[in-house]
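For reference, the structure is listed below as structure tokens.
The values are calculated or read from the model by the stated rules, or taken from the named source; none is laboratory data. Being a predicted model, the structure only gives us computed values, none of them experimental. Don't worry about glycine lacking a Cβ; one is built from the backbone with ideal geometry, like all the others, and counts go over all protein chains shown.
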Amino acid sequence: MEDALLVQEIGILVKKIVVVGGVAAGMSVAARARRLDEHAEIVVFERGQHVSFANCGLPYHIGETIKERERLVLQTPESLRDSLDIDVRNGVEVLAIDRAAKTVHVRVVESGEEYDEPYDALALAPGAAPLRPDLPGIDLPAIHVLRRIGDMDVIKRAVDGSGGPDRVGGIKHAVVIGAGYIGLEMAENLHHRGVTVEVVEMAGQILPPLDREMTTSVENYLRAHGIGLHLGTAAAAFSPRPDGRVRVELRSSTVIDTDLVIMAAGVRPSTELAAAAGLDLGPRGGITVDQHMRTSDPSIWAAGDAVEVPHTVLPGTWLIPLAGPANRQGRVAAENICGRDTVYESTQGTSVVKIFDMVAGATGASEKQLIASGVPFRTVSAHPHGHAGYYPGTAMMHVKILFSPTDGALLGAQVAGFDGVDKRLDVLATALRGGMTVFDLEALELAYAPPFGSAKDPVNMAGFIASNVLLGDLELWYAGDYPDATDGARIIDVRGPDEFELWHLPGAENVPLKTIREAQETWDRTTPIRLYCAVGFRSYLAYRALVQRGFTDVATLSGGMTTFRAFHDIAPTGVDSTEPVISYTESAHEPAAHETAAQGSGVLVDLDCAGLACPGPIMKLQQTIAGLAPGDEVLAHVSDPGFRLDAPAWALKNGHEVVSMTPEGPGFAARIRKGGGHAPVGLAAAGRPTKDKKSLVVFSGDLDKVLAAFIIANGAVAMGEEVSMFFTFWGLNALRRQDPPKVRRAPMVRMMGALMPSGPGAMKLSTMNLLGGGTAMMKKIMKDNHVPSLPELIASAQAGGVRLVGCTMTMDLLGIAAEDLIDGVELGGVATFLGDASESNGTLFV
């Protein structure tokens, strides 16, 4: 009550309102205050040269999606004076606040003139400043941030080619530091301008606010468009090049020469003015405000990116720099300045980003945040289509919701996909704000027609699954709990045999759903069973069939293989998920000798697979190509983004060739040539001539033999050759960590591990070992003669680009987990080795 009276009293006394900051929050304060009080004097100070501009649209003018610069300048000082009688003074910086005298001391940037301006109520909306880490070379002229119109103009001139005599024709290459929303929007828009783009992100994923499994499909989509990604690393230094370019050195030792660097690594709140005035700051470094947006001084309010506010789900106050909340905070501040009692409750962090044709976003808390804050939760994942699958133009989306394990209250949601993502995200954001539960999601009545949705909307589907979990109708196991979740259990893959052959979990049994009722009759009902399928639906049906037949320990994989492969970033065997899509031209394709007898009759079948989810496109492709002659081709139009990885793996296995694959809407247009059965012609062989490349199979676990293998590998790299090393059986011990993380293992597996050397430092000589004495002598002789040790040779090989592949079959047999291996080792099978060998002009067995 006293708080409300104080607000009312101040509102009555207010004659002059001064606002610091003239963009989102600041102009919201000024405009709302004028609408409530026609008689108050309102002055806005803005340090930059533009006010009320659309800073979220800046990347799109650089990319020329928004062609007219003027469309980003929503208001001018003149238009604001004419329409709202607000005195806007841009190019004026506020230097200090005198709280006792109720004045601000300002400086005109251009002239240097300084003066004091009195206020009755002061509103601070200074925003946030882009992070510019203190790194060598950070002030080089080619390194930019994007926050204001002026920043945009400089970057666009460089892209347009008017950035100086050395840049006629525009820049050709750019590095974006930071894979958040702004960084990825800049990467897309630079790509639209014909610039080759590489993105660097310190986290091990793009879009750090989202959980890991939600970003893998977006990463693959970026790579498919030719955007290079450097994840889990950061910029270490910048240095000028003689040709005017910039050298970017990463912590991973990667070096990139580029024309332009965009710093998009985040922002920090601009609180210097508030701190100097003695206003209270919060635990995260932002300005402390109450629910009325008032600071610790009763005559000063604050709003926008510089303030800390309560989170809708998480405990404590948070810095959440988003335009929507900033505008609403400004409105609340203005209403309280003008005598009303209006409350700003919380920010839930709803955000969304478009990347080419793909969309991703989140609301509420992520799994990472809930774990860090100690908030109990459950999750479910679903993979429905954006609208009815039989209507053209849809694709699978990834939906994840997080909810309370007690009452089902919605705690967070994340969505990634193509059509209809923003619609579902907004529904879920509204549900979270309204305090709805997953049971409420089941009951939501949402608009349906085939072009817009499904009779069971993706939001309803997420609610169905979560409600089943809370009601005990479904028990889930999760990708993040693998392999512990399957320890001691039968792993049952209920997909079809074609899907199973393309990729499956090690040790899984293929029992298609249609056969499970018959197959289970001989099973032990007390043996734990872990089910999975492609997206979780077929395994749910299998789950219900088994538990109603007396099986006591059954669980199904949340989100199926789609979520599992995304969480663990697993591509099908023989496919590199980090490579961009194939984009050959007909004239560039020269058939190899084994193709000359399989040129076919020139048939090209145009195959529409749009709307089909995995494995639909592969199955339809298989049926179509079976009726063609060797050399005939299929041009498949597929809306499933996963087809980029599945098609090459299928082609490699069946001896066909992916001639070209280009992005097309949410999916791809893939041209596939039927093979003649003489030799595999997938991505790894593809009828291309062998090149300067060596492939090594490292079978031995003896120190001297593994040393020889890596000496050969490093020598081949020094001669300019590519090298691939496939480690199987005892040779795989050379890649083991000395201090692997703890992984639950069966007793027999632990015994096997104890009998094998734990990494290169523990390996012994094949002869003259002398109970370890010979090995120690050899290591000393190597050191005295400046011969690199085995760990050093391995590191040198990795730095030189040698591909290290661990045999997954051996890992299963010997109980070696992926976590046991050193960083940078790929996992693959025989097809991976054979693919490399077919490209090589030499294969060695060690």
Could you list all residues from region 237-254 that are under 28 Å from the mean Cα position of the chain (by Cα), surrounded by 14 or more Cβ atoms within 10 Å (Cβ to Cβ) and in a loop (DSSP other than H, G, I, E, B)?
Arg251, Ser252, Thr254
Residues of region 186-218 being over 23 Å from Leu146 (Cα atoms) and among the small types (Gly, Ala, Ser), which ones?
Gly204, Ser217
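Report whether or not Gly389 is buried (at least 17 other Cβ atoms within 10 Å of the Cβ), at pLDDT below 95 and either under 26 Å from Leu222 (Cα atoms) or in contact with an Asp or Glu (Cβ under 7 Å, 6 or more places away or on another chain) (or both). Even if it seems obvious, please write down each step before you answer.
Working: buried (at least 17 other Cβ atoms within 10 Å of the Cβ): yes; at pLDDT below 95: yes; either under 26 Å from Leu222 (Cα atoms) or in contact with an Asp or Glu (Cβ under 7 Å, 6 or more places away or on another chain) (or both): yes.
It is true that Gly389 is buried (at least 17 other Cβ atoms within 10 Å of the Cβ), at pLDDT below 95 and either under 26 Å from Leu222 (Cα atoms) or in contact with an Asp or Glu (Cβ under 7 Å, 6 or more places away or on another chain) (or both).
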Can you find even one residue in region 117-139 that is surrounded by fewer than 19 Cβ atoms within 10 Å (Cβ to Cβ), without any contact (Cβ under 8 Å) to a residue 12 or more places away in the chain and under 43 Å from the mean Cα position of the chain (by Cα)?
yes
Unmet criterion (only one of (1) among the small types (Gly, Ala, Ser); (2) without any contact (Cβ under 8 Å) to a residue 40 or more places away in the chain; (3) assigned to a strand (DSSP E or B)) for Ser83
(3)
Just name the residue that is surrounded by the fewest Cβ atoms within 10 Å (Cβ to Cβ) out of those in region 620-647 that are modelled with pLDDT of 85 or more and within 27 Å of the chain's Cα centre (by Cα).
His637
Would you check if there is a residue in region 759-769 being modelled with pLDDT of 80 or more and in a helix (DSSP H, G or I)?
yes
Enumeration of residues in region 416-437 that are under 22 Å from Pro376 (Cα atoms) and free of Cβ contacts under 8 Å to residues at least 60 places away in the same chain
Thr430, Ala431, Gly434, Gly435, Met436, Thr437
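Among the candidates Ile320, Ile337, which residue alone is of a type in the set (Val, Ile, Thr), crowded, with 19+ Cβ neighbours inside 10 Å and touching a Phe, Trp or Tyr at 6+ places or on another chain (Cβ under 7 Å)?
Numbers: Ile320 fails: touching a Phe, Trp or Tyr at 6+ places or on another chain (Cβ under 7 Å).
It is Ile337.
To keep it simple, each residue is scored yes or no on (1) in contact with a Phe, Trp or Tyr (Cβ under 6 Å, 6 or more places away or on another chain); (2) buried (at least 17 other Cβ atoms within 10 Å of the Cβ).
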{"site": "Ala449", "(1), (2)": "no, no"}
{"site": "Asp457", "(1), (2)": "no, yes"}
{"site": "Ser467", "(1), (2)": "yes, yes"}
{"site": "Leu470", "(1), (2)": "no, yes"}
{"site": "Trp477", "(1), (2)": "no, yes"}
{"site": "Ala485", "(1), (2)": "yes, yes"}
{"site": "Gly488", "(1), (2)": "no, no"}
{"site": "Phe500", "(1), (2)": "no, yes"}
{"site": "Ile516", "(1), (2)": "no, yes"}
Test set (1) in contact with a Lys or Arg (Cβ under 6 Å, 6 or more places away or on another chain); (2) surrounded by fewer than 22 Cβ atoms within 10 Å (Cβ to Cβ); (3) part of a strand (DSSP E or B) - Gln414 fails condition number:
(2)
Can you pull out every residue in region 324-368 that is assigned to a strand (DSSP E or B), of a type in the set (Val, Ile, Thr) and in contact (Cβ under 8 Å) with a residue 60 or more places away in the chain?
Val352, Val353, Ile355, Val359, Thr363
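Taking region 700-729 as the region of interest, how many residues are among the hydrophobic types (A, V, I, L, M, F, W, C) and either surrounded by fewer than 19 Cβ atoms within 10 Å (Cβ to Cβ) or under 34 Å from the mean Cα position of the chain (by Cα) (or both)? Before you say what the answer is, go through the steps one by one.
To start, the set of residues in region 700-729 that are among the hydrophobic types (A, V, I, L, M, F, W, C) comprises 703, 706-713, 716-719, 723, 725-727, 729.
From the residues that got through so far, the ones that are either surrounded by fewer than 19 Cβ atoms within 10 Å (Cβ to Cβ) or under 34 Å from the mean Cα position of the chain (by Cα) (or both) too are 708, 711-713, 717-719, 723, 725-727, 729.
Summing the residues that are among the hydrophobic types (A, V, I, L, M, F, W, C) and either surrounded by fewer than 19 Cβ atoms within 10 Å (Cβ to Cβ) or under 34 Å from the mean Cα position of the chain (by Cα) (or both) in region 700-729 gives 12.
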Looking at (1) touching a Phe, Trp or Tyr at 6+ places or on another chain (Cβ under 9 Å); (2) assigned to a strand (DSSP E or B); (3) in contact (Cβ under 8 Å) with a residue 40 or more places away in the chain, find the lone condition where Arg107 falls short.
(3)
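Looking only at region 609-625, count how many residues are out of contact with any Lys or Arg (no Cβ under 9 Å at 6 or more places or on another chain) and without any contact (Cβ under 8 Å) to a residue 60 or more places away in the chain. Don't jump to the end; show me each part of the working.
Keep residues of region 609-625 that are out of contact with any Lys or Arg (no Cβ under 9 Å at 6 or more places or on another chain), which gives 610-611, 613-614, 616-624.
Within this subset, residues satisfying the condition of being without any contact (Cβ under 8 Å) to a residue 60 or more places away in the chain are 616-617, 620-621, 623-624.
Counting residues in region 609-625 that are out of contact with any Lys or Arg (no Cβ under 9 Å at 6 or more places or on another chain) and without any contact (Cβ under 8 Å) to a residue 60 or more places away in the chain gives 6.
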Every listed condition ((1) farther than 24 Å from Val154 by Cβ; (2) touching a residue at least 60 places away in the same chain (Cβ under 8 Å); (3) not β-branched (Val, Ile, Thr)) holds for Leu260 save (1)
From (1) under 13 Å from Thr556 (Cβ atoms); (2) assigned to a helix (DSSP H, G or I); (3) in contact with a helix residue (DSSP H, G or I) (Cβ under 8 Å, 6 or more places away or on another chain), pick out the condition that doesn't hold for Ala485.
(3)
Take Gly112 and decide whether it is at pLDDT 95 or above, outside the structural domain of Gly63 (by TED's automatic domain parsing) and at positive phi.
no
Which numbered condition in (1) modelled with pLDDT of 95 or more; (2) closer than 18 Å to Leu210 by Cβ is the only one that Val343 fails?
(2)
